[in-house]
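Notes for the one structure printed next.
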Amino acid sequence: MYQRIRALREDKDMTQTQMGRILLCSQRVYSNYERGDIDIPTAILIRLADFHQVSVDYLLNRTDNPHMAQ
């Protein structure tokens, strides 16, 4: 469900543990986000979008355009 957050993380050569630290969660919780085992809270989605400089809609596969609306 959230394959884009994995792809974006891997594009930056980051581990799940590193992303967990940025998002203030454990590696296990972050892994659950990537696999879609648990829904990502809105605040975390916003943090992810800001970190990767993409839109939340892009993370949620609602658009193929990664750029945020201006």
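Laid out as a table, the results:
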{"item": "Ellipticity estimate at 222 nm from DSSP helix runs (n ≥ 4, -39,500 (n - 2.57)) divided over the chain, nearest 500", "result": "-16000 deg cm²/dmol"}
{"item": "The chain: DSSP helices with Cα axial extent of at least 30 Å and average Kyte-Doolittle hydropathy no lower than 1.6", "result": "none"}
{"item": "Value of D in µm² per second that Stokes-Einstein yields for the chain, Kirkwood Rh from Cα pairs, at 20 °C (1.002 mPa s)", "result": "179 µm²/s"}
{"item": "Average accessible area per residue (Å²) across the chain - probe 1.4 Å, nucleic acids and ligands excluded", "result": "66 Å²"}
{"item": "Of the trypsin sites (Lys or Arg not before Pro) in region 1-48, those whose Cβ has at most 13 other Cβ within 10 Å and which sit in DSSP loop", "result": "12"}
{"item": "³J(HN,Hα) computed for each position of region 58-67 - Karplus, 6.51 cos²θ - 1.76 cosθ + 1.60, integer Hz, glycine/proline x", "result": "5, 4, 8, 6, 8, 8, 9, 8, x, 6"}
{"item": "Fraction of accessible area attributable to carbon and sulfur, the chain (%, probe 1.4 Å)", "result": "48 percent"}
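The values are calculated or read from the model by the stated rules, or taken from the named source; none is laboratory data. Note that this is a predicted model, so its numbers are computed, not measured. A quick note on method: Cβ atoms are made from the backbone with ideal geometry, for glycine too, and the neighbour counts reach across all protein chains shown. SASA here: full protein model, heavy atoms, side chains in, ligands and nucleic acids out. Shrake-Rupley method; radii C 1.70, N 1.55, O 1.52, S 1.80 Å.
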